[in-house]
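Visitor: Here it is, the structure in full.
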Amino acid sequence: MAREKTKKDPADYSVEEKLKNLYALQSLLSEIDNIKTLRGELPLEVQDLEDEIEGMTTRIEKINADIADLKRDINERNAKIVENKASIERFNTQMDSVRNNREYDSLTKQVEYAELDNQLHEKKIREAKELVETKTAEMTRCNLEVNERRVLLETKKEELEEIVSETKAEEEKLRERAKNLELTIEPRLLNAFKRIRRNSRNGLGIVSLQRDACLGCFNKIPPQRQLDIRSRKKIIVCEYCGRIMIDPELAGVKETTVQAPEKKTRKRAIRKTEKKDESAE
């Protein structure tokens, strides 16, 4: 009977294995980041358009309510004008049968008051009608803008859905692989790695050496520190940016070297020789 294979405790992995697993996890997470980059600003654009449409819809509802209030006020003032005109007609009829000047003056004042009241109502009605026209034009403009935004929103949603449908399966596979790989990394180291990723602009938590410098911040790494990184005996972090460092060979990254400046020196020497020859002539 075959012995059941037991899972290795993440704490029992060697430093080299821990670094290799971390770098493999970084590669998977970077691929997921690339998928998000492919989607670009579309998710944010969709959200912004939805918020904008919601705001404009609320504005249209407010304009509609204002127009309804103005029209109601116009109707009430028109009714008051009709009422005042009936009163004026009644007062004029009463003037024909007054007995003294005091009654006549009283009726005259009531007529004048009703006429002034009507003038005020007519002025308010004109102002209200102008406001109705202005707000109606504003509402028409808002409706056009909302319709344009809705068309744009549908286009953006279709683009986003197309990209998501193309990348969803791949992203799910990458996330599953990343999740399984995380189980091979001890929690303390994993949490530190994730924290570094969150705080870095390019989302890199572990980087290799390139040209004697940290590939994350491009600061030169001291020679002794480089030896420690290449020895793979302990976890080394960049003293400048705090990223975890890994030997390029272990990461499977080709390390580029700076060309020695010998050719430039030789060219200068040739130029100097040429100048001496010219002066000799």
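Visitor: Cysteines without a disulfide-compatible partner in the chain, using Cβ under 4.7 Å as the rule?
Guide: Cys142, each lacking another Cys Cβ under 4.7 Å.
Visitor: Summing +1 for each Lys or Arg and -1 for each Asp or Glu, what net charge is found among the other residues whose Cβ lies under 14 Å from the Cβ of Arg201?
Guide: Neighbourhood net charge equals +2.
Visitor: Another question, then. Can you compute the radius of gyration and Dmax for the chain, using only the Cα atoms, both in Å?
Guide: Over the chain's Cα set, Rg and Dmax evaluate to 41.7, 141 Å.
Visitor: Rounded to the nearest 0.05, what FRET efficiency is calculated for Arg230 and Arg150 with R0 set to 45 Å and r the Cβ-Cβ distance?
Guide: 0.15
Visitor: In addition: Taking the Cα-to-Cβ direction at Asn191 and at Lys7 and moving 7 Å from each Cα, how far apart do the two end points lie in nm?
Guide: Spacing of the two 7 Å Cα→Cβ label points: 1.9 nm.
Visitor: If each residue of separation counts as 0.36 nm, what is the full-extension length gain between Glu133 and Asp105 once their alpha-carbon separation is subtracted?
Guide: Once the chain is fully extended between Glu133 and Asp105, it gains 5.9 nm.
Visitor: Across segment 40-180, how large is the tail of the calculated P(r) beyond 23 Å, expressed as a percent of all Cα pairs?
Guide: Cα-Cα pairs in segment 40-180 separated by more than 23 Å: 64 percent.
Visitor: Can you tell me the FRET efficiency between Ser14 and Asn202 if r is taken as the Cβ-Cβ distance and R0 is 22 Å, rounded to the nearest 0.05?
Guide: Efficiency, rounded to the nearest 0.05: 0.20.
Visitor: In vacuo Debye scattering of segment 186-251, one point per C-alpha: log10 I(q)/I(0) at q = 0.18, 0.20, 0.24 Å⁻¹?
Guide: -0.60, -0.74, -1.04
Visitor: How much length is gained if the chain between Ala86 and Thr37 is pulled fully straight, taking 0.36 nm per residue apart and subtracting their Cα-Cα distance, in nm to one decimal?
Guide: 10.1 nm
Visitor: Expressed in nm to one decimal, what extension gain is obtained for the pair Val237 and Phe218 from 0.36 nm per residue of sequence separation less their Cα-Cα distance?
Guide: Fully extending the segment from Val237 to Phe218 adds 5.5 nm.
Visitor: Can you pick out the pairs among Lys168/Lys194; Lys36/Lys234; Lys135/Lys157; Lys7/Lys168 whose Cα atoms lie more than 26 Å from each other?
Guide: Flagged as over cut-off: Lys36/Lys234; Lys135/Lys157; Lys7/Lys168.
No lab work stands behind these numbers, since they all come straight from the coordinates. A quick note: this is a predicted structure, and the numbers were derived from the prediction, not measured. Counting neighbours? That spans all protein chains shown, and the Cβs are built from the backbone with ideal geometry, glycine included.
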